[in-house]
Structure formats: C-alpha cells, structure tokens
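Okay, structure first, notes after.
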Amino acid sequence: MSETYLYDRIDAIKDSKVNVWAAFAGCEAFALSSLGYLWIYKILDEMPDVNVERITSDTNSTQIPIECVNLIAFSFSFDFDFLTLFKMFDKFKIPYKSKDRNEDYPLICAGGPVVTANPEPYKEIFDYFVIGDGEDITVQMTEILKNNLTKSEILHELANLEGVYVPGINKNVTKKTKKLSECIYTPVISDKAFFQDTFIVEVERGCSNCCGFCMASYLNLPIRYTPDNNLFDVIKLGLEKTNKIALLGAQVSAHPKFSEICSYIKLRIDCGEKIDMNLSSIRIDAVKPDIISALTAAGQKTTTMAIEAGSERLRKFINKHISETQILNAVKIAKDGGLKGIKFYGMIGIPHETDEDIKEIITLAKKIKSENKGFNISFGFSTFVPKPHTPFQWYGRDSIKSLTKKSEYLKKEFAKLGIKVTISSPKWDYWQAVMSRGDDSLSDFMIEVYKLGGKLGAFNKAALKFGIDADSLAEETYPFEKEFCWDFIEIKPGKLSLIEENKRLNSIL
Ligand code: SF4
C-alpha cells in the first residue's frame, strides 16, 4: 500500500489551535478518488497552524482524538450518504442532531452538491453548510476557528461569509462560485484509491449545455476552464509520479485546449512513455479522430457517451441537440479510431416521455449495432429524478409501476439484440427524489431509515411513521407558484429564468 503526496507536507502533528477531521461520507477508496474532497484536505494540510486528518467510513482509529477536534468537515456527494454519515456518527459517539451536541463536541459542517442544492433535509444534523465552491471558504473558516470563540460566536461569524449557510442564523445565502485561477488535482496518489494510482486533473468545472434536468450543469454556471499554462504544468507534475491520468469535468472536451491536451499526451506516448489516459465521457458532438487517436494510444479501449434520451424529440426537449446522424457518426469515428466499444448512457421517465420515445431507444440501438458489427456497445439508464435549481425541478417523476414496465420492456428488447443494458432501480430513484425535494421534516425520517437498516422497506416504514408525503415529493408536478424550501439559496440564473427555460423547452415539444 502506498500514498504519494504531490506537495510538501509536514507528516507530524503540528503545534496548533485548530484540529480538523476532513470527513468523507463513504469508504476510503472513494475518498481517495474524490478530487474536491482531497483538494480541500490539501488546503488544510498545507496550513502551518492547522492539523487535519482524513476520516472515512472505514476509519477505525484516529491520530487526532475527537476531544481535540474543532471541526468535522464532511464531503457529502449523494442523496443516500446520510446512511454512511450516521454510521460514522455512531462510531465516534456523536449525537445525530446539532442541538444535542454541546461545546464538548466539534462543529460539524457539510459541503458538496447535495447540500448546495438543498441543505434543508440536513439542517437539524449539521451546524452549518458550505454552499458552492469550498476552496476559499475553507481558508476563511479556519481563520475564524483560531479565535478561541464559543460555538455560537463562531457560527455567527461564519454566517457572514459568502457561501455559508448557518440554519437559524442566516436565511439569504448566495452560492459561492470560484474563479478557476488554478488547476486542481488529486494531491495524493494511492493504490488504495478506487481509481488506483490515478492522477485526476480538473480540466473544467460545469457544463454549458444546460440540459433541463441537470444539476451538475445548473449548480456550476458559468462553465469555467482551468488556465492552460497551469493545466499543462499540472499534467507534467502528475506524470512524474504515475502513468495513469484522468481528465475530469462534466464537459471536458469543451476546454479550448482540449485537442492540444490530447496531442500532448499522445506525443509523450509516441516518444516511448507508457501512459494510461482516461476521460469520464466524451460529448458526442466533440468526437474527433485526433481525440480518439490520443485515447487509443493511451490504452483506452472503451469510452462512454451520453445520449440522455432515446428519441430526437425528447433530446431536443431536454436541450440536448444531438441528432441520430451525429450519434452514428461518433460511433463510426470511435470504431475507426481503434476503440473497442462504447457505453451509452441516458435516462428514462423524462417528463412527457411516450411509449414511442422508449421504442426509439431500441431502434437507435439496432442501427448502431447493425452499422458497427463486432463493436462492443452497451447501454445504461437512470430514471428521471427532479433536482433543485433546474428547469425541471417542478416536474414529478413517472410512477414506479410505469418505470418498471419501461425497464422490463427495454431489458427484454436489449436481450433480443444481444446488447448489455443496466437500468437503475425505479424504487431507489423514487426515494432519491424524496430526498432531493424534501425539507427539514426529513431529519427524523432519515434517522429512522438508518436505524431500521437503510433498505427500501426502511424508507417505507419511516415515511409512514413520520407522515412524509413521499408520493407528492417524488411524483407530483408542482405549479410554478410553488415555493420550494431551497428558494432562499441564490444560484444564478435564478428561479424566474428557470421558469422561462422550462416554458421554452415545453414549447419545443
Ligand atoms: S451534457 Fe451532460 S453534463 Fe452537460 S448539461 Fe447535459 S447532462 Fe449535464
């Protein structure tokens, strides 16, 4: 087992007033592949007067005892992370609710996309939230922690920072959007990471495509690109330590220097270096022979491409203007360029979806297969979950019954074609929607779900016990006048623009 740090660090407990646990609501392997989490850890670790320790769900003993910890900063990425969170609270004997944690307990905060979009379900659990990009706030909050203040005094000071939400103190919060003045990367390379020994580099943040359902796009507007010079320096730095590199971003290929990045890596490979390069996915309209050539030279055998919806009609409706011709063309370029296969991913249960739209998925798959014999294709689908701060936040989900029927139809038809397909569980996605659109009444519900074991039955029982109207949260389509519990978080372009965009997309149908 090895860990390589890409910065100078003092590997000892410092003489410090501030001790932080950088906590990840998941296992160590995922934490070590989480760019945002590791970067915040690096910021804290580089401070000469702050001690920081990484804590994950599999941490059993700690260097900094909890009695000495001032702050536990949680990275919270998925709606069901609360199950791991409570498990970690139990392990370290931390009461679940902030009101039950007196001055003897550290402050506990959370950041990440889930709580940035809608912190309300968690407002009784955490003392405060980082809303948006956390890099600058991390520095500001440690300065406040150095001042020997009481918890209440600290929270009042934190509430003055842009991008910090302290329940009960401030109720107007603007999401923090950082200018990308430097390239961030995984500062620790480890063979314990899920992406083993891989150096992950952020190429850009956000996506300009603005699909109507996409929180990754709407929470990160405007799209920001890593400065070119810094990006190349960082790539060089990473490749001194490992030969595995992954370029990260929701729309990596949109970086103005994307082709040059690929060419640079290919050149190094052509000069004899063995480099494995990985891209999370490639936009269909960005697939070019030079990019595929760099990928195949870097040992990549397959890639993923998002079609989002099976029919052109629905793709236009969600704002993904990709024609069938473009999809077929991209597959041809990928195949001719030497890739062995592509995994397509998309969504079912999109608002206004008809049986015809579902059938078109199969028609498209048939065409791809017949035009590309011997090429390995597979499909993956999730089901639509309404997400806060998107133009589709008002839409309810398709029913579990209908989604199950669509899933079964697709599985049967894909099996006939001999194409592998995976489809997420409509029942789990239903509860994800409840978590997404829920408010502070969910705290006791979440605790109950956890205590009951966290399986689907636990969600049903807990909802009954606490009178949660799960059907409404998951499946009801709300009028535009609906006041959402997350409306107080200001995220550009804002609610009025989302309504306009919802109407515009509807007019396309
Ligand atoms: S292209 Fe992908 S990342 Fe971009 S907005 Fe659409 S779904 Fe989101």
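With labels modelled as points extended 7 Å from the Cα through the Cβ direction, what inter-label distance (nm, one decimal) is found for Asp439 paired with Lys411?
For Asp439 paired with Lys411, the spin-label model returns 3.7 nm.
Return Lys91, Lys123 ranked ascending by Cβ neighbour count within 10 Å, so the fewest neighbours appear first.
Lowest to highest Cβ neighbour count: Lys91, Lys123.
Taking a threshold of 31 Å on the Cα-Cα distance, which of the pairs Lys93/Lys461; Lys366/Lys503; Lys335/Lys416 fall above it?
Lys366/Lys503
Are there GluC sites (Glu not before Pro) in segment 152-190 that DSSP puts in a loop and that have at most 16 other Cβ atoms within 10 Å, and which ones? Kindly include the intermediate steps, with their values, before the conclusion.
On the way: sites: Glu153, Glu157, Glu162, Glu182; in loops: Glu162, Glu182.
For GluC sites (Glu not before Pro) across segment 152-190 that sit outside H, G, I, E and B with at most 16 neighbouring Cβ atoms in 10 Å, the list reads Glu162, Glu182.
If R₀ is 25 angstrom, what is the calculated FRET efficiency for the pair Gln326 and Glu356, using the beta carbon separation as r and rounding to 0.05?
That pair, Gln326 with Glu356, gives E of 0.75.
Find the relative contact order for segment 8-174 and round it to a whole percent, using C-alpha pairs within less than 8 Å whose residues are 6+ positions apart.
With pairs under 8 Å counted, the relative contact order is 20 percent.
Where the only charges are on Cβ atoms (+1 Lys, Arg; -1 Asp, Glu), what is the dipole of segment 294-383 about its Cα centre, to the nearest 20 debye?
Charge dipole, segment 294-383, about its Cα centre: 420 debye, nearest 20.
With the cut-off at 1.5 for a/c, could you classify segment 421-483 from its C-alpha gyration tensor as rounded, prolate or oblate? Before the final figure, lay out the partial values.
Working: a/c = 2.35, a/b = 1.14, b/c = 2.06.
It comes out oblate by the Cα gyration axes.
Kindly give the semi-axes, whole Å and largest first, of the ellipsoid equivalent to segment 301-509, taking each as the square root of 5 times a Cα gyration tensor eigenvalue.
So the three semi-axes of segment 301-509 are 34, 22, 15 Å.
So, with +1 on the Cβ of K and R and -1 on the Cβ of D and E, and no other charges, what is the size of the charge dipole of segment 197-299 about its Cα centre, to the nearest 20 debye?
100 debye
Report, ordered by chain and residue number, the aspartates and glutamates lying within cross-link reach of Lys175, taken as a straight Cα distance under 14 Å and ignoring same-chain residues fewer than 8 apart.
The qualifying aspartates and glutamates are Asp133, Glu135, Asp136, Glu162, Asp487, Glu490.
Kindly put Tyr409, Tyr37, Tyr450 in sequence by how many other C-beta atoms sit within 10 Å of each C-beta, fewest to most.
So the ranking, lowest neighbour count to highest, is Tyr409, Tyr450, Tyr37.
Where the Cα atoms of segment 62-123 are projected onto their three principal axes, how long is each span, largest first, in whole Å?
Sorted from largest, the Cα extents of segment 62-123 read 31, 23, 17 Å.
What's the whole-number percent of alpha carbon pairs in the chain lying beyond 43 angstrom?
Of all Cα-Cα distances in the chain, 17 percent exceed 43 Å.
Quick one: of Lys343/Lys369; Lys316/Lys420; Lys320/Lys401, which pairs are farther than 20 Å apart, Cα to Cα? Mind showing how you got there, number by number?
On the way: Lys343/Lys369 12 Å; Lys316/Lys420 26 Å; Lys320/Lys401 27 Å.
The answer is Lys316/Lys420; Lys320/Lys401.
With unit charges on the beta carbon (Lys/Arg positive, Asp/Glu negative), name the residue among Asn147, Phe89, Asn118 whose Cα is farthest towards the positive pole of the charge dipole of segment 73-150.
Phe89
Can you give me the distance in nm between label points at Tyr264 and Asn376, each placed 7 Å from the Cα along the Cα-to-Cβ direction?
About 3.1 nm separates the two model spin labels.
Rounded to the nearest 5, what % of the DSSP beta bridges within the chain are antiparallel ones?
15 percent
Find the Rg to Rh ratio for segment 1-68, where Rh is the Kirkwood radius over alpha-carbon pairs and Rg uses the same atoms.
So for segment 1-68, dividing Rg by the Kirkwood Rh gives 0.93.
Find the relative contact order for segment 254-398 and round it to a whole percent, using C-alpha pairs within less than 8 Å whose residues are 6+ positions apart.
Result for segment 254-398 is 22 percent.
Please report the relative contact order for the chain, taking Cα pairs under 8 Å with a sequence separation of at least 6, and give it as a percent rounded to a whole number.
13 percent
Using the Cα gyration tensor of segment 114-186, with a ≥ b ≥ c the square roots of its eigenvalues, what is the shape: rounded (a/c below 1.5), prolate (a/b larger than b/c) or oblate (neither)? Can you show the working numbers first?
Values: a/c = 2.00, a/b = 1.23, b/c = 1.63.
It comes out oblate by the Cα gyration axes.
Kirkwood Rh over Cα pairs of segment 8-174 into Stokes-Einstein at 37 °C, 0.692 mPa s: D in µm²/s?
Estimated diffusion coefficient is 208 µm²/s.
Report the local net charge at Arg397: Lys and Arg +1, Asp and Glu -1, summed over other residues whose C-beta lies under 13 Å from its C-beta.
Counting the neighbours of Arg397, the net charge comes to -1.
Ignoring everything except DSSP H segments at least 4 long, calculate the 222 nm mean residue ellipticity for the chain; use -39,500 (n - 2.57) per segment, divide by total residues, nearest 500. Working shown, then result.
Working: 19 runs with 198 residues, N = 509.
After summing the helix terms and dividing by the residues of the chain, the value is -11500 deg cm²/dmol.
Quick check for me: using +1 on Lys/Arg Cβ and -1 on Asp/Glu Cβ, what's the dipole size of the chain about its Cα centre, in debye to the nearest 20?
1940 debye
For Lys236, go through the lysines and keep the ones whose alpha-carbon is under 21 Å away, minus same-chain ones fewer than eight residues off.
Lys42, Lys244, Lys257, Lys266, Lys274
Do any GluC sites (Glu not before Pro) in segment 67-139 lie in a loop, going by DSSP, with at most 15 other beta-carbon atoms within 10 Å of their beta carbon, and if so which?
Sites meeting the loop and neighbour criteria: Glu103.
Sorted from fewest to most neighbouring beta carbons within 10 Å, what does the list Val203, Val50 look like?
Numbers: Val203 25, Val50 22.
So the residues, fewest neighbours to most, are Val50, Val203.
Under 12 Å from the Cβ of Glu157, count the other residues' Cβ atoms, weight Lys and Arg +1, Asp and Glu -1, and hand me the total. Could you put the intermediate results ahead of the total?
Values: positive: Lys146, Lys151; negative: Glu143, Glu153.
Once positives and negatives cancel, what remains is 0.
Within a Cβ distance under 9 Å of Pro167, other residues only, what is the Lys/Arg minus Asp/Glu net charge?
-2
Which stretch or stretches of segment 1-16 have amide N atoms under 20 Å from the point lying 7 Å from Asp58's Cα along the Cα→Cβ direction?
1-5
Coordinate-derived values only; no laboratory data. Computed from a predicted structure; not experimentally measured. With ideal geometry, Cβ positions are generated from the backbone for all residues, glycine too; neighbour counts draw on all protein chains shown.
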